[in-house]
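This report concerns only the one structure given below.
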Amino acid sequence: MNSLGNLSWRELVEELRALRRSERGDLAPHDFVGVLHELQVHQVELEMQNRELREVQDRLEASRARYAELYDRAPIGYATLDRYGVIVEINLTGAALLGRDRDQLVGLPFAAVAAQDAQSFLNHLRFSAQSGAATTVDVEVKRGVRKLVLQLTTTPDFSQDQGVVGYRTMMSDVTERRRIEAANDLLEDERRAREAADAENHMKDQFLGIVSHELRTPLNAMMGWTQILSRHMGEPELIARGLQVMQRNGQALARIVDDILDVSRIVSGKLRVEMKKTDMREVVQGALDQVRPLAQGKRITIRESLAGRCFVRGDGLRLQQVVSNLLSNAVKFTREVGCVEVNLEQGDAGVRLIVRDNGCGIDAGELPYIFEHFRQADSSTTRAHPGLGLGLAIARHIVNAHGGTIEAQSEGRGRGAAFTVQLPPGQPLSSPPPPHRDRPTGHGDITGKKVLCVDDDRDALELIGVILGSFGAVVRTAATVDGAIAQLSSFLPDVIVSDLAMPERDGYEFIQRLRAMSPPLSNIPTIALTAYARVDDAGRTLSAGFKRHLPKPVDPDMLADAISALVAPPVT
């Protein structure tokens, strides 16, 4: 009995029961007292342990309740999904974001709840499983009549044996944030568009300044020489020199106006090209003939390497305009005693034209913008080369209209430049094209032909009268439509040359009244000589009943040829 203190409570109880069943009479009374004492001690210890266990359990329950409260009331939604994306558990915040009760959501596929963007969510789960890390995606969820944008961050749960066994997904409402970001993006786009518009307007202002300069320069020469010639009428050499200067500057003005009109047609999408089989060798040779005098004046050598007949499907006049622009630029930007190379090649990919010079070259920073409208590498008042800077923009548009490409290459300032034009191939002609009968080879004979000229501008009317009179025509003039109609009662012209824009009654009303008269007046061929030089203007003029449309300023020989062609007997 001395070892009773080392026994457990259960062992003490068993010992006590054994003593009661025992028939031995040698058990001392104090042994019973010891056993009872030990039982009381163990009972106290058990009660203390039970109390501690209850306290621990209460703390655990309180902690679990606090965790559940935090989980449900967290500002971010949480959901646990199985490996197939079915909702296993979701907090109250997540359920509120999805617009349903929690009990209704458990057991549903999350993709079915996010029906507005189900495929995006499934792709999100797939990517999360493949990457093995947390991934984020935005999905749209419809909640009543509203659409919410939820940002989902999903982390896969892995098992060594089974791989992905589920997912843990966090949800947050980013609808307002995305709206603000979209508004900021829109503001940024508007800011960039405004900056681009400001830059475009600045370039246009620069362009208008250049236009003013380029127009005033030849006008200054022409007006200056008219004053000089009026004071020195008896000096033939000075008169001849002045006339050459005036003619050259008049041609420069006409080129400026043509370039501006071409840009206007390009911007409005009305630049037309007449597609037909064209020999690029003839086109290049024609452009070379135009630019040779300028090259000879600067002692620039032009080296040609032209393949045989290189056919493309295109507009010969427009293509010649492209080549002339490239050659003119090459000559203009090449120093005296320089060299310009022209190569024309025929290949399986089509026809390639290369114009290369050893001139001033192009900066690398300017190359991407060299074909843009209203842009010049140097638009300052100290620029060395005049011009509007529209030629390359026009050339690119014409080449693109032919299904081709144009590129510029340069190794930098002072190292020359090369322009390459690539055009798709065309089929060779089976026979040479017939000559164009309306294209003049010299001025026509209009001696003795009667011409009625109508124009409200006195100077223009006098000029046309002098030009036609110098060719031997019999000329009558009228400053108004009514005056022209009155002239017809006593003068039957072979041809009428009329302006379009006139006060009170214009050229269109005049042609209507003329065609409404009885023969032979209604059959008089009429030429529109006008400053309206757009393609649309020409189409409207011919549709109205005019036989020819000639833009001002007109070449005297061209005017004489047009009149001669109208009065000549038909070719049989």
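Computed from the coordinates by the stated procedures, all read-outs in this text should not be read as laboratory data. The structure displayed is predicted, hence computed values, not measured ones. Neighbour counts are summed over all protein chains in view; Cβ atoms, including those assigned to glycine, are modelled from backbone coordinates with ideal geometry.
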Q: Mind ranking 249-262, 51-64 by how tightly packed they are, going by the mean number of other C-beta atoms within 10 angstrom, highest first?
A: 249-262, 51-64
Q: Run the dipole for region 248-368 about the Cα centre, Lys and Arg Cβ at +1, Asp and Glu Cβ at -1, nothing else charged, and hand back the magnitude in debye, nearest 20.
A: 280 debye
Q | Average Cα contact separation per residue, region 450-567, under 8 Å, 6 or more apart, as relative contact order % | A | 23 percent
Q. Out of residues 5 or more away from Phe311 or on other chains, whose amide H comes under 5 Å of its own, with H placed 1.01 Å from N in the peptide plane?
A. Met280, Gly426
Q: Calculate the spin-label point distance for Ile180 paired with Ala96, positioning each point 7 Å from the Cα along the beta-carbon direction, and give it in nanometres.
A: 2.0 nm
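If you place +1 on the Cβ of every Lys and Arg and -1 on the Cβ of every Asp and Glu, how big does the dipole about the Cα centre of region 450-567 come out, in debye to the nearest 20?
Values: 11 positive and 16 negative charges, 85 e Å.
I would put it at about 400 debye.
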Q) What number comes out for the charge environment of Ser159, summing +1 per Lys or Arg and -1 per Asp or Glu over other residues with Cβ under 13 Å away? A) -2
**Q.** Extension gain, Gln285 back to Glu235 (0.36 nm per residue minus Cα-Cα distance, nm)
**A.** 14.1 nm
Q) What number comes out for the charge environment of Asn343, summing +1 per Lys or Arg and -1 per Asp or Glu over other residues with Cβ under 13 Å away? A) 0
Q) What size of dipole, in debye to the nearest 20, comes out for region 493-561 about its Cα centre when the only charges are +1 on Lys and Arg C-beta atoms and -1 on Asp and Glu C-beta atoms? A) 240 debye
Q.
Viscosity 1.306 mPa s, temperature 10 °C: what is the translational diffusion coefficient of region 33-169 from Stokes-Einstein with a Kirkwood Rh over Cα pairs, rounded to a whole number of µm²/s?
A. 89 µm²/s
Q.
For the pair Gln160/Val145, report the inter-label distance in nm, with labels modelled 7 Å from Cα in the Cβ direction.
A. 5.7 nm
Q) Hey, quick one: spin label on Met275, modelled 7 Å out along Cα-Cβ, who in region 296-330 has an amide N within reach, i.e. under 17 Å? A) 311-319
**Q.** Stretchable slack from Val56 to Glu366, in nm (0.36 nm times residue separation minus alpha-carbon distance)
**A.** 103.7 nm
**Q.** Charge dipole (region 450-567, unit charges on Cβ, about Cα centre) - positive-most of Ser470, Val454, Gly539
**A.** Gly539
Q: Calculate the length of the line joining the C-alpha centroid of region 498-555 to that of region 32-98, in whole Å.
A: 102 Å
Q. What is the pair-distance distribution P(r) of region 276-423, computed from all Cα-Cα distances in 5 Å bins starting at 0, with each bin given as a whole percent?
A. 2, 10, 20, 24, 21, 15, 7, 2, 0, 0
